[in-house]
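Input: a single structure, listed below in C-alpha coordinates.
The values are calculated or read from the model by the stated rules, or taken from the named source; none is laboratory data. If you're wondering where the values come from, they're calculated on a predicted model, not measured in any experiment. Heads up, the Cβs are rebuilt from the backbone with ideal geometry, glycines too, and the neighbour counts pull from every protein chain shown. Just so you know, the surface numbers come from the protein's heavy atoms only, side chains and all, with ligands and any DNA or RNA stripped out. Shrake-Rupley method; radii C 1.70, N 1.55, O 1.52, S 1.80 Å.
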Amino acid sequence: MKFTRSILITGGAGFIGSHVVRLFVNKYPEYHIVNLDKLTYAGNLANLTDIEDKPNYTFVKADICDFGLMLDVFKKYEIDNVIHLAAESHVDRSIKDPFTFAQTNVMGTLSLLQAAKELWTAPYTSNRFYHISTDEVYGTLEFDNTFFTEDTKYDPHSPYSASKASSDHFVRAFYDTYGLPTIVTNCSNNYGPYQFPEKLIPLFINNIKHKRSLPVYGKGENVRDWLYVVDHARAIDVIFHKGKIADTYNIGGFNEWKNIDLIKVIIKTVDRLLGSPEGTSDTLITYITDRAGHDLRYAIDSNKLKDELGWEPSLQFEEGIEKTVQWYLDNGEWMDNITSGDYQEYYEKMYNK
Ligand SMILES: NC(=O)c1ccc[n+]([C@@H]2O[C@H](COP(=O)([O-])OP(=O)(O)OC[C@H]3O[C@@H](n4cnc5c(N)ncnc54)[C@H](O)[C@@H]3O)[C@@H](O)[C@H]2O)c1
(Lines give C-alpha, C1' and ligand atoms only; values in the text may rest on other atoms or scores of the structure.)
Protein backbone atom coordinates (compact mmCIF):
# COMPACT_ATOMS: atom_id res chain seq x y z
CA MET A 1 0.00 0.00 0.00
CA LYS A 2 1.20 3.51 -0.77
CA PHE A 3 0.97 5.58 2.38
CA THR A 4 -0.09 9.23 2.22
CA ARG A 5 2.30 10.30 4.99
CA SER A 6 5.35 8.84 6.70
CA ILE A 7 5.40 10.10 10.27
CA LEU A 8 8.37 9.66 12.57
CA ILE A 9 7.13 9.48 16.18
CA THR A 10 10.08 9.58 18.57
CA GLY A 11 9.82 8.14 22.08
CA GLY A 12 6.87 6.00 21.05
CA ALA A 13 7.77 3.23 23.49
CA GLY A 14 7.40 5.59 26.44
CA PHE A 15 4.30 6.60 28.35
CA ILE A 16 2.72 9.37 26.24
CA GLY A 17 4.41 8.26 23.02
CA SER A 18 2.81 4.81 23.18
CA HIS A 19 -0.65 6.40 23.38
CA VAL A 20 0.13 8.68 20.44
CA VAL A 21 1.48 5.78 18.36
CA ARG A 22 -1.58 3.64 19.19
CA LEU A 23 -3.99 6.45 18.26
CA PHE A 24 -2.27 7.25 14.95
CA VAL A 25 -1.72 3.62 13.88
CA ASN A 26 -5.37 2.72 14.53
CA LYS A 27 -7.00 5.91 13.31
CA TYR A 28 -4.90 6.51 10.18
CA PRO A 29 -4.19 3.28 8.29
CA GLU A 30 -3.19 5.49 5.36
CA TYR A 31 -0.19 6.86 7.32
CA HIS A 32 3.03 4.96 7.89
CA ILE A 33 3.95 5.38 11.57
CA VAL A 34 7.66 4.92 12.30
CA ASN A 35 8.22 4.69 16.04
CA LEU A 36 11.85 5.53 16.83
CA ASP A 37 12.97 4.87 20.38
CA LYS A 38 16.27 4.15 22.10
CA LEU A 39 14.51 1.96 24.68
CA THR A 40 16.10 3.58 27.70
CA TYR A 41 14.87 2.41 31.13
CA ALA A 42 11.62 4.30 30.33
CA GLY A 43 10.95 2.71 26.94
CA ASN A 44 8.93 -0.49 26.95
CA LEU A 45 7.67 -2.25 23.83
CA ALA A 46 5.17 -4.11 26.01
CA ASN A 47 3.22 -0.82 25.86
CA LEU A 48 2.47 -1.49 22.19
CA THR A 49 1.80 -5.23 21.81
CA ASP A 50 -1.74 -4.55 20.55
CA ILE A 51 -0.56 -2.67 17.45
CA GLU A 52 2.92 -4.07 16.75
CA ASP A 53 1.74 -6.28 13.86
CA LYS A 54 -0.24 -3.61 12.03
CA PRO A 55 0.89 -3.08 8.41
CA ASN A 56 1.29 0.69 8.87
CA TYR A 57 3.61 0.38 11.89
CA THR A 58 7.41 0.10 12.02
CA PHE A 59 9.66 0.17 15.08
CA VAL A 60 13.24 1.43 14.88
CA LYS A 61 15.56 1.18 17.88
CA ALA A 62 17.84 4.22 17.68
CA ASP A 63 19.24 7.15 19.61
CA ILE A 64 17.97 10.54 18.43
CA CYS A 65 21.40 12.00 19.26
CA ASP A 66 22.98 9.97 16.43
CA PHE A 67 22.65 12.52 13.64
CA GLY A 68 24.02 10.25 10.88
CA LEU A 69 21.52 7.57 11.83
CA MET A 70 18.67 10.10 11.87
CA LEU A 71 19.57 11.08 8.28
CA ASP A 72 19.52 7.38 7.32
CA VAL A 73 16.15 6.82 8.99
CA PHE A 74 14.61 9.91 7.34
CA LYS A 75 15.86 8.70 3.95
CA LYS A 76 15.00 5.03 4.36
CA TYR A 77 11.40 5.67 5.47
CA GLU A 78 10.91 8.88 3.45
CA ILE A 79 9.91 10.70 6.62
CA ASP A 80 7.83 13.78 5.83
CA ASN A 81 6.51 14.59 9.32
CA VAL A 82 7.87 14.37 12.85
CA ILE A 83 6.07 14.16 16.19
CA HIS A 84 8.91 14.40 18.69
CA LEU A 85 8.35 13.02 22.19
CA ALA A 86 11.65 11.24 22.95
CA ALA A 87 13.19 12.76 26.04
CA GLU A 88 14.57 12.14 29.47
CA SER A 89 11.50 13.05 31.48
CA HIS A 90 11.97 12.56 35.21
CA VAL A 91 12.86 15.65 37.27
CA ASP A 92 14.52 13.66 40.08
CA ARG A 93 16.83 11.95 37.62
CA SER A 94 17.71 15.33 36.08
CA ILE A 95 18.84 16.56 39.48
CA LYS A 96 21.23 13.59 39.77
CA ASP A 97 22.40 13.49 36.15
CA PRO A 98 21.84 16.75 34.24
CA PHE A 99 24.27 15.84 31.43
CA THR A 100 22.04 13.07 30.10
CA PHE A 101 19.13 15.53 30.00
CA ALA A 102 21.10 18.12 28.04
CA GLN A 103 22.36 15.43 25.70
CA THR A 104 19.03 13.80 24.86
CA ASN A 105 16.63 16.70 25.22
CA VAL A 106 18.77 19.40 23.63
CA MET A 107 21.26 17.66 21.32
CA GLY A 108 18.78 14.94 20.36
CA THR A 109 16.17 17.52 19.38
CA LEU A 110 18.80 19.46 17.44
CA SER A 111 19.85 16.34 15.58
CA LEU A 112 16.24 15.70 14.45
CA LEU A 113 15.75 19.34 13.46
CA GLN A 114 18.94 19.33 11.42
CA ALA A 115 17.98 16.08 9.67
CA ALA A 116 14.58 17.56 8.75
CA LYS A 117 16.20 20.76 7.56
CA GLU A 118 18.70 18.92 5.36
CA LEU A 119 16.19 16.55 3.79
CA TRP A 120 12.94 18.50 3.49
CA THR A 121 12.48 21.12 0.80
CA ALA A 122 10.86 24.56 1.00
CA PRO A 123 8.00 25.50 0.86
CA TYR A 124 7.41 22.39 3.03
CA THR A 125 3.78 22.00 2.00
CA SER A 126 3.51 18.43 3.28
CA ASN A 127 5.94 18.69 6.19
CA ARG A 128 5.68 19.59 9.85
CA PHE A 129 7.96 19.16 12.81
CA TYR A 130 5.84 18.92 15.94
CA HIS A 131 7.74 19.17 19.23
CA ILE A 132 6.09 18.01 22.46
CA SER A 133 7.06 20.00 25.53
CA THR A 134 5.98 20.63 29.07
CA ASP A 135 4.42 23.38 31.18
CA GLU A 136 7.45 23.11 33.49
CA VAL A 137 9.39 25.46 31.18
CA TYR A 138 7.25 28.32 32.52
CA GLY A 139 8.57 27.95 36.07
CA THR A 140 6.21 28.27 38.98
CA LEU A 141 3.02 30.10 39.97
CA GLU A 142 1.87 31.40 43.31
CA PHE A 143 -1.31 30.14 45.00
CA ASP A 144 -3.47 32.62 43.14
CA ASN A 145 -5.74 32.71 40.13
CA THR A 146 -2.99 32.99 37.51
CA PHE A 147 -2.31 30.45 34.77
CA PHE A 148 0.47 29.73 32.29
CA THR A 149 -0.54 31.04 28.88
CA GLU A 150 1.31 30.77 25.59
CA ASP A 151 2.78 34.22 26.34
CA THR A 152 4.19 33.38 29.75
CA LYS A 153 7.93 34.01 29.89
CA TYR A 154 10.12 30.92 30.21
CA ASP A 155 11.62 30.50 33.67
CA PRO A 156 12.73 26.87 34.14
CA HIS A 157 14.05 25.75 37.53
CA SER A 158 15.13 22.12 37.21
CA PRO A 159 17.72 20.64 34.83
CA TYR A 160 14.78 18.78 33.21
CA SER A 161 12.74 21.92 32.55
CA ALA A 162 15.87 23.86 31.52
CA SER A 163 16.70 21.18 28.94
CA LYS A 164 13.11 21.16 27.61
CA ALA A 165 13.10 24.99 27.47
CA SER A 166 16.34 24.91 25.52
CA SER A 167 14.94 22.37 23.06
CA ASP A 168 11.80 24.52 22.59
CA HIS A 169 14.04 27.50 21.74
CA PHE A 170 15.94 25.45 19.15
CA VAL A 171 12.68 24.34 17.55
CA ARG A 172 11.44 27.93 17.25
CA ALA A 173 14.87 29.08 16.04
CA PHE A 174 14.67 26.58 13.18
CA TYR A 175 11.44 28.21 12.04
CA ASP A 176 12.80 31.74 12.45
CA THR A 177 16.13 30.97 10.77
CA TYR A 178 15.34 28.35 8.13
CA GLY A 179 11.55 28.43 7.82
CA LEU A 180 11.26 24.81 9.01
CA PRO A 181 7.52 24.26 9.67
CA THR A 182 7.50 23.75 13.41
CA ILE A 183 4.83 23.60 16.12
CA VAL A 184 5.41 23.43 19.89
CA THR A 185 2.95 22.36 22.56
CA ASN A 186 3.38 22.64 26.31
CA CYS A 187 1.30 20.23 28.34
CA SER A 188 0.55 19.77 32.03
CA ASN A 189 1.18 16.57 34.04
CA ASN A 190 -0.21 13.46 32.39
CA TYR A 191 -1.61 10.37 34.09
CA GLY A 192 -3.03 7.08 32.84
CA PRO A 193 -2.02 3.56 31.74
CA TYR A 194 1.58 2.62 30.82
CA GLN A 195 3.31 5.31 32.89
CA PHE A 196 6.69 4.25 34.24
CA PRO A 197 6.33 3.58 37.98
CA GLU A 198 8.88 6.15 39.12
CA LYS A 199 6.19 8.81 38.55
CA LEU A 200 3.82 9.64 41.38
CA ILE A 201 0.53 8.04 40.36
CA PRO A 202 1.69 4.55 39.21
CA LEU A 203 4.34 4.47 41.96
CA PHE A 204 1.78 5.15 44.65
CA ILE A 205 -0.84 2.74 43.28
CA ASN A 206 1.79 -0.01 43.26
CA ASN A 207 3.10 0.92 46.71
CA ILE A 208 -0.40 0.87 48.21
CA LYS A 209 -1.04 -2.53 46.62
CA HIS A 210 2.16 -3.86 48.25
CA LYS A 211 1.68 -1.93 51.51
CA ARG A 212 4.87 0.10 50.98
CA SER A 213 5.39 3.63 52.19
CA LEU A 214 4.20 6.60 50.11
CA PRO A 215 7.02 9.19 50.09
CA VAL A 216 5.56 12.71 49.90
CA TYR A 217 7.88 15.65 49.20
CA GLY A 218 7.75 18.41 51.83
CA LYS A 219 4.23 18.83 53.15
CA GLY A 220 2.60 17.75 49.90
CA GLU A 221 1.46 21.35 49.27
CA ASN A 222 2.73 21.57 45.68
CA VAL A 223 -0.02 21.89 43.08
CA ARG A 224 -0.05 20.16 39.69
CA ASP A 225 -2.56 20.27 36.84
CA TRP A 226 -3.44 16.72 35.70
CA LEU A 227 -4.55 15.55 32.26
CA TYR A 228 -5.57 12.03 31.21
CA VAL A 229 -2.93 10.81 28.75
CA VAL A 230 -5.44 9.76 26.08
CA ASP A 231 -6.74 13.34 26.05
CA HIS A 232 -3.17 14.56 25.49
CA ALA A 233 -2.86 12.13 22.55
CA ARG A 234 -6.18 13.45 21.17
CA ALA A 235 -4.88 17.01 21.45
CA ILE A 236 -1.67 16.03 19.61
CA ASP A 237 -3.80 14.54 16.82
CA VAL A 238 -5.85 17.74 16.48
CA ILE A 239 -2.81 20.04 16.62
CA PHE A 240 -0.78 17.89 14.22
CA HIS A 241 -3.55 18.18 11.62
CA LYS A 242 -4.97 21.65 12.26
CA GLY A 243 -2.41 23.62 14.28
CA LYS A 244 -0.83 26.73 12.79
CA ILE A 245 2.81 26.48 11.76
CA ALA A 246 5.19 28.40 14.06
CA ASP A 247 2.53 28.52 16.73
CA THR A 248 2.45 27.30 20.34
CA TYR A 249 -0.49 25.69 22.12
CA ASN A 250 -0.83 24.98 25.81
CA ILE A 251 -2.58 21.72 26.70
CA GLY A 252 -4.21 21.20 30.09
CA GLY A 253 -7.37 20.11 31.78
CA PHE A 254 -8.05 22.96 34.25
CA ASN A 255 -7.64 20.26 36.87
CA GLU A 256 -5.39 21.39 39.72
CA TRP A 257 -4.61 19.15 42.66
CA LYS A 258 -2.46 19.68 45.72
CA ASN A 259 -0.18 16.60 45.84
CA ILE A 260 -1.42 15.51 49.26
CA ASP A 261 -5.07 15.74 48.18
CA LEU A 262 -4.34 13.78 45.03
CA ILE A 263 -2.56 11.13 47.11
CA LYS A 264 -5.60 10.83 49.37
CA VAL A 265 -7.84 10.27 46.34
CA ILE A 266 -5.45 7.58 45.07
CA ILE A 267 -5.39 5.86 48.47
CA LYS A 268 -9.17 5.91 48.72
CA THR A 269 -9.64 4.59 45.18
CA VAL A 270 -7.06 1.80 45.50
CA ASP A 271 -8.43 0.69 48.89
CA ARG A 272 -11.98 0.63 47.55
CA LEU A 273 -11.08 -1.27 44.37
CA LEU A 274 -9.04 -3.78 46.39
CA GLY A 275 -11.98 -4.26 48.74
CA SER A 276 -10.10 -2.87 51.78
CA PRO A 277 -11.96 -0.76 54.38
CA GLU A 278 -11.64 3.02 53.90
CA GLY A 279 -8.55 4.38 55.68
CA THR A 280 -6.58 1.12 55.47
CA SER A 281 -3.62 2.67 53.65
CA ASP A 282 -3.64 6.20 55.14
CA THR A 283 -0.73 5.36 57.45
CA LEU A 284 1.55 4.59 54.48
CA ILE A 285 2.03 8.33 53.87
CA THR A 286 5.61 9.33 54.80
CA TYR A 287 6.77 12.94 54.51
CA ILE A 288 10.32 13.28 53.15
CA THR A 289 12.69 16.23 52.55
CA ASP A 290 11.40 18.43 49.76
CA ARG A 291 12.83 18.16 46.26
CA ALA A 292 15.48 20.81 45.51
CA GLY A 293 14.05 23.69 43.45
CA HIS A 294 10.56 22.21 43.75
CA ASP A 295 8.10 24.41 41.83
CA LEU A 296 5.09 25.37 43.94
CA ARG A 297 2.26 25.39 41.46
CA TYR A 298 1.64 24.65 37.77
CA ALA A 299 -1.64 25.54 36.09
CA ILE A 300 -2.26 25.67 32.35
CA ASP A 301 -4.65 27.92 30.49
CA SER A 302 -5.64 25.86 27.43
CA ASN A 303 -8.35 28.22 26.18
CA LYS A 304 -6.47 29.02 22.98
CA LEU A 305 -6.55 25.35 21.99
CA LYS A 306 -10.25 25.16 22.81
CA ASP A 307 -11.18 28.38 21.01
CA GLU A 308 -9.04 27.92 17.89
CA LEU A 309 -9.05 24.15 17.36
CA GLY A 310 -12.04 22.96 19.42
CA TRP A 311 -10.12 20.54 21.69
CA GLU A 312 -11.33 19.88 25.22
CA PRO A 313 -10.54 17.04 27.63
CA SER A 314 -13.05 14.22 27.29
CA LEU A 315 -12.67 12.73 30.74
CA GLN A 316 -13.49 14.19 34.14
CA PHE A 317 -10.71 13.58 36.66
CA GLU A 318 -12.83 11.27 38.86
CA GLU A 319 -13.47 8.98 35.89
CA GLY A 320 -9.87 9.18 34.70
CA ILE A 321 -8.35 8.28 38.06
CA GLU A 322 -10.79 5.39 38.52
CA LYS A 323 -9.87 4.00 35.09
CA THR A 324 -6.17 4.50 35.81
CA VAL A 325 -6.16 2.76 39.19
CA GLN A 326 -8.21 -0.11 37.74
CA TRP A 327 -5.77 -0.44 34.83
CA TYR A 328 -2.72 -0.74 37.11
CA LEU A 329 -4.50 -3.23 39.37
CA ASP A 330 -5.56 -5.30 36.32
CA ASN A 331 -2.09 -5.18 34.76
CA GLY A 332 0.04 -6.43 37.62
CA GLU A 333 2.24 -8.40 35.26
CA TRP A 334 3.14 -5.27 33.26
CA MET A 335 4.03 -3.52 36.51
CA ASP A 336 5.94 -6.49 38.00
CA ASN A 337 8.06 -6.85 34.88
CA ILE A 338 9.26 -3.31 35.38
CA THR A 339 9.59 -3.20 39.13
CA SER A 340 11.52 -6.47 39.44
CA GLY A 341 15.31 -6.63 39.20
CA ASP A 342 17.63 -3.69 38.82
CA TYR A 343 14.98 -1.04 38.62
CA GLN A 344 13.58 -2.01 42.01
CA GLU A 345 16.98 -1.34 43.54
CA TYR A 346 17.05 2.09 41.91
CA TYR A 347 13.76 3.27 43.25
CA GLU A 348 14.32 1.76 46.69
CA LYS A 349 17.44 3.91 46.96
CA MET A 350 15.81 6.93 45.40
CA TYR A 351 13.02 7.11 47.91
CA ASN A 352 15.17 6.14 50.92
CA LYS A 353 12.91 3.33 51.89
N1 LIG B 1 4.72 12.82 31.44
C2 LIG B 1 4.22 14.05 31.51
O3 LIG B 1 3.43 14.36 32.41
C4 LIG B 1 4.57 15.08 30.46
C5 LIG B 1 3.89 16.30 30.45
C6 LIG B 1 4.19 17.24 29.45
C7 LIG B 1 5.14 16.95 28.48
N8 LIG B 1 5.81 15.75 28.53
C9 LIG B 1 6.80 15.49 27.46
O10 LIG B 1 6.26 14.42 26.66
C11 LIG B 1 7.32 13.61 26.17
C12 LIG B 1 7.07 12.17 26.57
O13 LIG B 1 7.02 12.08 28.00
P14 LIG B 1 6.76 10.69 28.73
O15 LIG B 1 6.25 10.97 30.07
O16 LIG B 1 6.04 9.79 27.82
O17 LIG B 1 8.28 10.18 28.86
P18 LIG B 1 8.84 8.73 29.10
O19 LIG B 1 10.07 8.90 29.93
O20 LIG B 1 7.78 7.78 29.55
O21 LIG B 1 9.26 8.24 27.62
C22 LIG B 1 10.35 8.79 26.95
C23 LIG B 1 10.70 7.86 25.80
O24 LIG B 1 11.80 8.43 25.09
C25 LIG B 1 12.75 7.42 24.81
N26 LIG B 1 14.07 8.03 24.72
C27 LIG B 1 14.78 8.64 25.74
N28 LIG B 1 15.96 9.04 25.28
C29 LIG B 1 16.00 8.73 23.95
C30 LIG B 1 16.97 8.91 22.91
N31 LIG B 1 18.16 9.50 23.17
N32 LIG B 1 16.68 8.48 21.66
C33 LIG B 1 15.50 7.87 21.39
N34 LIG B 1 14.55 7.66 22.34
C35 LIG B 1 14.81 8.08 23.59
C36 LIG B 1 12.63 6.46 26.00
O37 LIG B 1 13.15 5.18 25.68
C38 LIG B 1 11.14 6.47 26.25
O39 LIG B 1 10.49 5.47 25.48
C40 LIG B 1 8.60 14.20 26.73
O41 LIG B 1 9.17 15.02 25.75
C42 LIG B 1 8.16 15.03 27.93
O43 LIG B 1 9.02 16.10 28.16
C44 LIG B 1 5.55 14.81 29.49
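Worth a mention:
- With R₀ fixed at 30 Å, the C-beta to C-beta distance from Asp282 to Lys304 puts the FRET efficiency at about 0.15.
- Computed over region 2-118: relative contact order in percent, which uses C-alpha pairs under 8 Å that are six or more apart: 30
- Estimated inter-spin distance, Thr49 and Asn331, nm [label 7 Å along Cα→Cβ]: 1.1
- Magnitude of the charge dipole for the chain, about its Cα centre and with charges confined to Cβ atoms of Lys, Arg (+1) and Asp, Glu (-1), is about 420 debye.
- Note on Phe143 and Glu312: the extension gain reaches 58.4 nm, defined as 0.36 nm multiplied by sequence separation minus the Cα-Cα distance.
- Taking the chain as a Gaussian network of alpha-carbon nodes connected by springs under 10 Å, the highest mean-square fluctuation of the residues Leu200, Leu180, Leu113 belongs to Leu200.
- Candidates Leu296, Leu274, Leu227: whichever shows maximal mean-square fluctuation once the chain is modelled as a Gaussian network with Cα springs under 10 Å: Leu274
- For region 188-286, DSSP calls about 40 percent of its internal beta bridges antiparallel.
- Counted over the chain, the DSSP beta bridges are approximately 10% antiparallel.
- Amide H contacts under 5 Å for Val216, placed H, 5+ residues apart: Thr286, Tyr287, Ile288
- 3J(HN,Hα) from dihedral phi, region 227-241, Karplus parametrisation 6.51/-1.76/1.60, rounded to Hz, x for glycine, proline: 10, 5, 4, 5, 5, 5, 4, 5, 5, 4, 4, 4, 5, 4, 8
- Taking 7 Å steps out from each Cα toward its Cβ at Asp97 and Tyr41 produces label points 0.6 nm apart.
- Sequentially through region 311-328, phi angles give Karplus couplings (6.51, -1.76, 1.60; θ = phi - 60°) of 7, 9, x, 8, 10, 6, 4, 4, 5, x, 6, 4, 4, 5, 4, 4, 4, 5 Hz, Gly and Pro residues having no value and appearing as x.
- Helix-only CD estimate at 222 nm, as mean residue ellipticity for the chain, using -39500 (n - 2.57) per DSSP H run (n ≥ 4): -12000 deg cm²/dmol
- Distribution of pairwise C-alpha distances over the chain, 20 Å bins, in %: 30, 60, 10, 0
- The H on the amide N of Thr134, modeled in the peptide plane, is under 5 Å from the matching H of Cys187, each at least 5 residues off or on a different chain.
- Taking amide H atoms as placed 1.01 Å from N in the peptide plane, the amide H of Phe196 lies under 5 Å from those of Phe15, each 5 or more residues away in sequence or on another chain.
- Ordering of 151-159, 165-173 by packing [mean C-beta count within 10 Å, highest first]: 165-173, 151-159
- Split the accessible area of the chain by element, probe 1.4 Å, and carbon with sulfur accounts for 51%.
- Taking the average, over residues, of other Cβ atoms within 10 Å as the packing measure, peptides 185-191, 9-15, 245-251 rank 9-15, 185-191, 245-251 from highest down.
- Additional length obtainable on full extension of the chain from Lys264 to Leu119, 0.36 nm per residue less Cα span: 47.1 nm
- One decimal place: the segment Lys75-Asp155 gains 25.1 nm when fully extended, by the rule 0.36 nm per residue minus the C-alpha distance.
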